[in-house]
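The values are calculated or read from the model by the stated rules, or taken from the named source; none is laboratory data. Everything numeric in this text was worked out from a predicted model, so none of it was measured. Every residue, glycine as well, gets a Cβ built from its backbone with ideal geometry; the counts of neighbours run over all protein chains shown.
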Amino acid sequence: MNDAEQDRFMKISTQLLFNRAADQMSIVQNKLADSQAHLAQGKQILKPSDAPDQAAVIQRLKSVMSRQESFLSSMVTLRSRLENEDTTLKSASDLLIRAKEVAVHAANDTLSPVNRKALAKEMQAVRDQLLSLANSKDNNGNFLFAGSRSKEPAFKIPAPGESPVYQGDQTKMTVMVGEQRSIPTNRSGTDAFISLNRPGSTEGSVTGVSFFKVMDDLVSGINNSDDAAMQRGIGEMTDLLNGMSLAHADIGTDMNVVDQQTSVIEDTILNIKTNLSTVEDLDYADAITKMNQQLLSLEAAQSSFSKIAQLTLFNYLK
């Protein structure tokens, strides 16, 4: 081999060794940077292209969990509304019980008209408080017992001197609390503050009487010492109480359903999070061990590269 050929061979061989060392160091650096990125985010994969199948599973689990969390949020809102309804009807039931006690006391033959007028004032106060409860609002400012017309009071006085009447509707709105389950979110005012059928003036006929018409007639009967009106009012108060008790029980049933469904959803979310953690979260012990190995490899590659960079083929030929 002449001098020119030796010189050419020397240049090619030195450059080849240099490039291989640089490539090897670059590969190790990239792997180390990738490991550090995984540790920084605590995830097994950083982009879908790293593991398409695993990324698809993660996305599906996150989608399912998001929907379950939406159900859980709806349950919280629904539970709050039911608690408002429950508290309101409990107070209304207590007032009706007091109203019946006042009516029974007023019907006592030993009372004078003056005494009855005093009781009539108390009965009027009870009736006014019941109207206030019937027009209660939830935490969002919607009327509890107006059906779907939740922006308007459930009961209004149509004209001066008349009894309040129901102005809402009977529409039942529902909210999804599961993939195949929904629960009503509103309640009609006539479900709790019921109307009654009162015998009419002719035999066999009946007349529909609203909740507050019953109350107003009883106030009038006590105020005027009308024994027949008071006796009728006592019986009708019992019917009003029964109707409100049924509505109260219905709310209790809905609250139990909400509690049960909330428990189911929370368990489902916990299971999804466990499965998601398995396919998404990084095993830190394994990842740190791997990174340390890569760090050692990089240090070795850098050491080798620094030595190779100082060598020429003549060093090997000496």
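Couple of notes before you dig in:
- Exactly one residue out of ASP259, ASP227, ASP254, ASP250 is surrounded by fewer than 19 Cβ atoms within 10 Å (Cβ to Cβ), out of contact with any strand residue (DSSP E or B) (no Cβ under 6 Å at 6 or more places or on another chain), of a type in the set (D, E, K, R) and within 20 Å of PHE71 (Cα to Cα), and it is ASP259.
- Tallying residues that are more than 17 Å from THR77 (Cβ to Cβ) and at pLDDT 90 or above within the stretch 138-148 yields 2.
- Hits in the stretch 189-206 (condition: among the hydroxyl-bearing types (Ser, Thr, Tyr) and at pLDDT below 90): SER201, THR202, SER205
- At least 2 residues being surrounded by fewer than 15 Cβ atoms within 10 Å (Cβ to Cβ) and without any contact (Cβ under 8 Å) to a residue 12 or more places away in the chain is the threshold, and among the strands (runs of 3 or more DSSP E) wholly inside the stretch 107-216 those reaching it are 206-209.
- The residues in the stretch 223-254 that are farther than 18 Å from PHE145 by Cβ and among the hydrophobic types (A, V, I, L, M, F, W, C) can be counted, and the count is 5.
- Of all residues in the stretch 118-136, those being farther than 13 Å from MET230 by Cα and in contact with a helix residue (DSSP H, G or I) (Cβ under 8 Å, 6 or more places away or on another chain) number 10.
- For the stretch 203-219, a tally of residues being within 16 Å of LYS121 (Cα to Cα) and touching a Gly at 6+ places or on another chain (Cβ under 6 Å) returns 1.
- In the set LEU89, LEU131, only one residue is more than 29 Å from the chain's Cα centre (by Cα) and assigned by TED's automatic domain parsing to the domain that holds GLY235; that residue is LEU131.
- Residues being surrounded by fewer than 20 Cβ atoms within 10 Å (Cβ to Cβ) and closer than 18 Å to LEU246 by Cα - total across the stretch 72-93: 7
- Any pair with Cβ under 6 angstrom, 6 or more apart, that starts in the stretch 238-263 at a residue that is farther than 15 Å from VAL177 by Cα and in the same structural domain as ARG198 (by TED's automatic domain parsing) and ends at one that is modelled with pLDDT of 90 or more and polar (S, T, N, Q): MET244/SER93
- Being more than 20 Å from THR278 (Cα to Cα), charged (D, E, K, R) and either surrounded by 13 or more Cβ atoms within 10 Å (Cβ to Cβ) or at pLDDT 90 or above (or both) is a property that does not hold for ASP50.
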